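Trainee: Pasting a structure below so you can have a look.
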Amino acid sequence: MLILMDINATEEQVRNACRRVEEMGYRPHPLPGATRTAIGITGNKGAVEADALSQLPGVAEVIPVSKPYKLASRDVKPENTVIRFANSDATIGGEELAIMAGPCGVESRDQLFRSAEAVARSGARFLRGGAYKPRTSPYAFQGLGEEGLEILAGAREQFGLLVVTEAIDHISLALIEQYADIIQIGARNMQNFALLKLAGQTRKPVLLKRGMSATLEELLMAAEYIMSEGNYNVILCERGIRTFADHSRNTLDVGIIPAVKRLTHLPILVDPSHASGKRDNVAPLARAGVAAGADGLIVEVHCDPDRALSDGAQSLYPAQFDAMMQNLRGIASLVGRSVHAPQTAGAAR
Ligand code: PEP
Ligand code: MN
């Protein structure tokens, strides 16, 4: 159920409607829009007493939401969600593409800082790097843990980048909430509902990667888990799905981008690195993602990929990343977007 407030409704009337929803035993989610506020209602087992709510002052309409995902739906919020940050003018879902880049995993201070400097110089605004790595083999590099988070925080200070890093459980989540700007939930945890709820209780934006065999509806329901806890800043990410193709690590589902745009107001990024598995195929997939309307990219970049402790084969050399960024500027302008300008040394912001 959804309450649409009148265009002229006052803040007090919005608060009053939320109070009434709470008195009924449900949870109100006020979502301010460009012209009016909508209040999503969750927590109801059956039908909500719509009549009582539609009589309240400032309420224009009370309408049922038929989709299983509500807060993520465009029915509830027609305009795109744009995520902003207190300490940066970078956005996600705005006109400028959100470009996140860096190594798969944080391996050392030197390794991360070299990548961070390179990607900032090429125009990235966000630094990626896993401190907790969910690896297929228990014997593979598992990440540096909190030491990795400290290194990421140091690079943020030095290069003026916003940090995105993956939480794999409730312990890493609590630490990442303190250290990072964006909490990443990986493909393997897309349906870890307990973790999604905990991420929803934080106040940091959440980058939610599509599970390797998840449908669009399953992805949106996973986003709904986060939003139902009161965190509306969710960024979706298409990172390739499992198919019968054996020429690439995964198959980039470019078609999900327009489908996502139709159904939800949430931004969507493309991860061409995990989609392709091979560095030479990363830039073409990145271009396809931007051309199809993605709001940005998350890309693996490593200064010495042959020695990388994870995902070296799909990591771009800094020069390749720089060339990709230059190329994307042309495509971005064709689809009404822009890419942050390259930065001169020492002025990476
Ligand atoms: C990653 O970003 O390094 C990662 C593990 O991605 P995914 O969850 O998409 O496999
Ligand atoms: Mn990786």
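Trainee: With the requirement that a residue be in a loop (DSSP other than H, G, I, E, B) and of a type in the set (Ser, Thr, Tyr), what does the range 129-181 give you?
Mentor: Initially, the range 129-181 is screened for residues in a loop (DSSP other than H, G, I, E, B), giving 129, 131-145, 160-161, 167-169, 180-181.
Tyr132, Thr136, Ser137, Tyr139 - these are the residues of the range 129-181 that are in a loop (DSSP other than H, G, I, E, B) and of a type in the set (Ser, Thr, Tyr).
Trainee: Among the residues of the range 102-127, count how many are touching a Cys at 6+ places or on another chain (Cβ under 8 Å) and within 14 Å of ligand 1 (Cβ to nearest atom).
Mentor: Qualifying residue count, the range 102-127: 1.
Trainee: Since Gln111 meets every condition but one in (1) among the polar types (S, T, N, Q); (2) surrounded by fewer than 24 Cβ atoms within 10 Å (Cβ to Cβ); (3) outside any helix (DSSP H, G or I), which condition does it not meet?
Mentor: Failed condition: (3).
Trainee: How many residues does the range 207-263 hold that are charged (D, E, K, R) and either in a helix (DSSP H, G or I) or under 22 Å from Thr42 (Cα atoms) (or both)?
Mentor: Count: 6.
Trainee: Give the residues of the range 209-240 that are within 20 Å of Val163 (Cβ to Cβ) and away from ligand 2 (no atom under 16 Å from the Cβ), sorted by residue number.
Mentor: Ile226, Asn231, Asn233, Val234, Ile235, Leu236
Trainee: Here are Val299, Val335: which of them is in contact with a strand residue (DSSP E or B) (Cβ under 8 Å, 6 or more places away or on another chain), modelled with pLDDT of 95 or more and among the β-branched types (Val, Ile, Thr)?
Mentor: Val299
Trainee: For the range 264-316, what are the residues that are of a type in the set (Gly, Ala, Ser), crowded, with 20+ Cβ neighbours inside 10 Å and part of a helix (DSSP H, G or I)?
Mentor: Listed by number, the residues that qualify are Ser273, Ala275, Ser276, Ala283, Ala286, Gly289.
The rows are residues; the columns are (1) under 21 Å from Asp295 (Cβ atoms); (2) touching a strand residue (DSSP E or B) at 6+ places or on another chain (Cβ under 8 Å); (3) not hydroxyl-bearing (Ser, Thr, Tyr).
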site: Met190; (1), (2), (3): yes, yes, yes
site: Phe193; (1), (2), (3): no, no, yes
site: Pro205; (1), (2), (3): yes, yes, yes
site: Gly230; (1), (2), (3): no, yes, yes
site: His247; (1), (2), (3): no, no, yes
site: Thr264; (1), (2), (3): yes, yes, no
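Trainee: Here are Ser310, Ser228: which of them is out of contact with any His (no Cβ under 6 Å at 6 or more places or on another chain), touching a residue at least 24 places away in the same chain (Cβ under 8 Å), hydroxyl-bearing (Ser, Thr, Tyr) and within 13 Å of ligand 1 (Cβ to nearest atom)?
Mentor: Residue meeting the stated conditions: Ser310.
The values are calculated or read from the model by the stated rules, or taken from the named source; none is laboratory data. Quick caveat, the model's predicted, so the values are computed rather than measured. Every residue, glycine as well, gets a Cβ built from its backbone with ideal geometry; the counts of neighbours run over all protein chains shown.
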